[in-house]
1. Across the stretch 43-89, what is the number of residues that are under 17 Å from the mean Cα position of the chain (by Cα), closer than 24 Å to Val383 by Cα and of a type in the set (D, E, K, R)?
2. Hey, does the stretch 152-164 have a residue that's among the hydrophobic types (A, V, I, L, M, F, W, C) and closer than 23 Å to Val383 by Cα?
3. Taking the stated definitions as given, is Tyr215 within 13 Å of the ligand (Cβ to nearest atom) and of a type in the set (Phe, Trp, Tyr)?
4. Collect the residues in the stretch 107-160 that are farther than 24 Å from Ala191 by Cα, within 16 Å of the ligand (Cβ to nearest atom) and either among the hydrophobic types (A, V, I, L, M, F, W, C) or in contact (Cβ under 8 Å) with a residue 60 or more places away in the chain (or both), keeping them in residue-number order.
5. Tell me yes or no: at least one residue of the stretch 41-50 is of a type outside the set (Phe, Trp, Tyr) and under 28 Å from Asp192 (Cα atoms).
6. Which of the residues that make up the stretch 377-424 are loosely packed, with under 12 Cβ neighbours inside 10 Å, of a type outside the set (Val, Ile, Thr) and either under 29 Å from Gln202 (Cβ atoms) or at pLDDT below 95 (or both)?
Amino acid sequence: MTEVGIDGIEVRTGKLKLDLAEEFAPAQGDDPEKYTKGLGLNASSFPDVYEDIVTMGANAAYRLMERKGLEPEDIGRIDVATESAFDHSKPVSTYIAGCLEQRYPGTFHHANKGERKFACISGTQALDDAFNWIRAGRNRGRAGLVIATDTALYERDDPGEATQGAGAVAMLVDEDPDVAAFSVEQGYGSADETDFLKPDQQFPSVDGKRSVQVYLARMREALEDFESAGGDTHPDNFAFAPFHTPFPGMVSKAAVLGYRHAIRGTDVEEELVEEIGRQPRREAFDDDEAYLEAVTEYTDALAETDHYRDWYARTIEPTLTVSREVGNWYTGSVHLARVSGLLYAAEEGMDLTGKRLLVASYGSGAQAEIHAETVQEGWREEVGAIDIMDRVADRTPITFEEYEAIHDVHNRDEETDMEPLTTPEEEFVFDGWGRMGERKYTYVE
Ligand code: HMG
């Protein structure tokens with residue numbers, strides 16, 4: 001059967017940068033290491049005055065189409081995944097298509113457009129929809145455009161404020177993909193949870209500590225479900241394991257639990273017996289409490305082994321590089337982690353063709369999904385064209401006072417006028433309001 005997966009990727013970050021150690025921590029009266037070491041974040045990206053989920057998504061999609069030599073007629077569907085939408089009816093994908101149509105003679109009138117919502121996991125769900133549409137034979141030779149775009153802002157003074165970010169990842173889903181082919185095997189962990197939600201409000205209500213526990217619980221369920229679907233989880237069989245990354249510290253908590261689960265009964269558990277013993281088995285304990293205590297003890301010891309540390313440095317650490325500098329991008333976050341790993345591999349001259357990725361997505365509310373991907377022959381050329389690290393380096397640093405003003409500009413309950421801090425060039429920009437309250441966009445040469 002023809003492989004289906006990601007044929008091309010393009011990434012756009014918000015153009016402003018708030019340094020957490022230098023600007024945010026002093027304003028909060030916090031030790032900078034709470035952010036840089038505890039959460040694992042150095043900085044957050046923010047959109048300038050003329051940027052939003054549409055401009056970031058459209059700019060990423062436009063560069064992707066240009067690079068791949070595509071016309072609107074080559075695209076059969078546009079799915080936008082976001083949890084920052086500003087309209088309950090008209091999807092962001094129509095706005096993005098409208099932007100792109102300013103640049104092409106043709107139109108997307110025969111493309112199916114939609115918007116996917118399930119917190120951060122909807123980017124992966126949108127990829128799934130495109131995969132299924134192609135596998136069902138309904139694409140008529142056309143590709144699907146999936147755009148994960150968010151302004152991940154929290155209420156001022158919410159503990160989540162340090163994890164904010166803004167950016168978009170555009171992905172082309174097609175047959176015979178150049179970057180990565182999706183596995184058919186897939187696992188889910190899903191439950192009705194109240195840890196992070198936005199009931200008719202722009203900024204989330206968050207129970208941060210609980211959200212961490214829910215992330216871990218749903219990830220575990222997804223891993224078990226992936227195994228029961230026949231998915232291989234042996235940690236040494238994957239080049240990288242990109243996780244949804246609200247902050248890198250979250251991934252380090254999840255990775256050790258996943259590793260422990262995956263090595264159970266394998267050669268790796270056996271190799272570690274002398275150093276840290278065998279994993280506790282429930283049947284050897286009288287009650288759950290004693291069993292859980294033993295499991296925690298084993299996990300702590302496992303995290304300190306060279307075996308685990310080497311695996312983490314090889315398989316997880318490279319996926320966190322971009323996230324450390326930009327914060328949480330919600331729907332785009334796990335896809336940015338994939339990009340980060342691939343950029344590292346390209347830079348290191350690694351031969352990834354045929355190697356596998358274990359992709360672990362998550363969305364609050366809550367659902368985790370795990371699937372595998374096989375890296376395709378064209379990956380190096382594709383990844384070589386992604387200029388996100390230059391864009392990250394080119395961001396304009398902002399002071400804490402400028403951050404406060406920018407947060408207000410993007411707060412729908414505030415009426416704040418502010419001059420942009422950067423100058424737009426060759427990009428789509430927000431250009432004011434239309435007569436029905438719609439947002440208007442234009443392309444600046
Ligand atoms: P907090 O309570 O302010 O921070 O917020 P903390 O006190 O828990 O400290 C954070 C870490 O830094 C801790 O590490 C501290 O020990 C450490 P841990 O014990 O957890 O390993 N620390 C230090 N380390 C070194 N030097 C120091 C220092 N001080 C402290 N001086 C919290 C943390 C995650 C709760 C907050 O950021 C938050 O509410 N974030 C938003 C929610 C979130 O990101 N949840 C993650 C899971 S849910 C998810 O991923 C879904 C999401 O993306 C949304 C969606 O799906 O749509 C959020």
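1. 1
2. no
3. Taking the combined requirement at face value, the residue satisfies it.
4. Thr149, Thr151, Leu153, Arg156
5. No, the conditions are met nowhere in the stretch 41-50.
6. Residues satisfying the conditions are Glu401, Arg412, Asp413, Glu414, Glu415, Asp417, Glu419.
Yes or no, residue by residue, for (1) more than 18 Å from the chain's Cα centre (by Cα); (2) open to solvent by less than 70 Å² (accessible area, probe 1.4 Å); (3) over 20 Å from Glu414 (Cα atoms):
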| site | (1), (2), (3) |
| --- | --- |
| Val146 | no, yes, yes |
| Tyr154 | no, yes, no |
| Asp157 | yes, no, no |
| Ala162 | no, yes, yes |
| Leu172 | no, yes, yes |
| Ala180 | no, yes, yes |
| Glu185 | yes, yes, yes |
| Thr194 | yes, no, yes |
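Yes/no per residue for (1) within 16 Å of the ligand (Cβ to nearest atom); (2) outside any helix (DSSP H, G or I); (3) closer than 30 Å to Ala162 by Cβ:
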{"site": "Pro177", "(1), (2), (3)": "no, yes, no"}
{"site": "Glu185", "(1), (2), (3)": "no, yes, no"}
{"site": "Gln202", "(1), (2), (3)": "yes, yes, yes"}
{"site": "Lys209", "(1), (2), (3)": "yes, no, yes"}
{"site": "Ala222", "(1), (2), (3)": "yes, no, yes"}
{"site": "Gly230", "(1), (2), (3)": "no, yes, no"}
{"site": "Pro246", "(1), (2), (3)": "yes, yes, yes"}
{"site": "Lys253", "(1), (2), (3)": "yes, no, yes"}
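The values are calculated or read from the model by the stated rules, or taken from the named source; none is laboratory data. What you are looking at is a predicted structure, and each value in this text was computed from that prediction instead of being measured. Every residue, glycine among them, receives a Cβ derived from its backbone with ideal geometry; neighbour counts consider all protein chains shown. Surface accessibility is based on the protein's heavy atoms, side chains included, excluding ligands, DNA and RNA. Shrake-Rupley method; radii C 1.70, N 1.55, O 1.52, S 1.80 Å.
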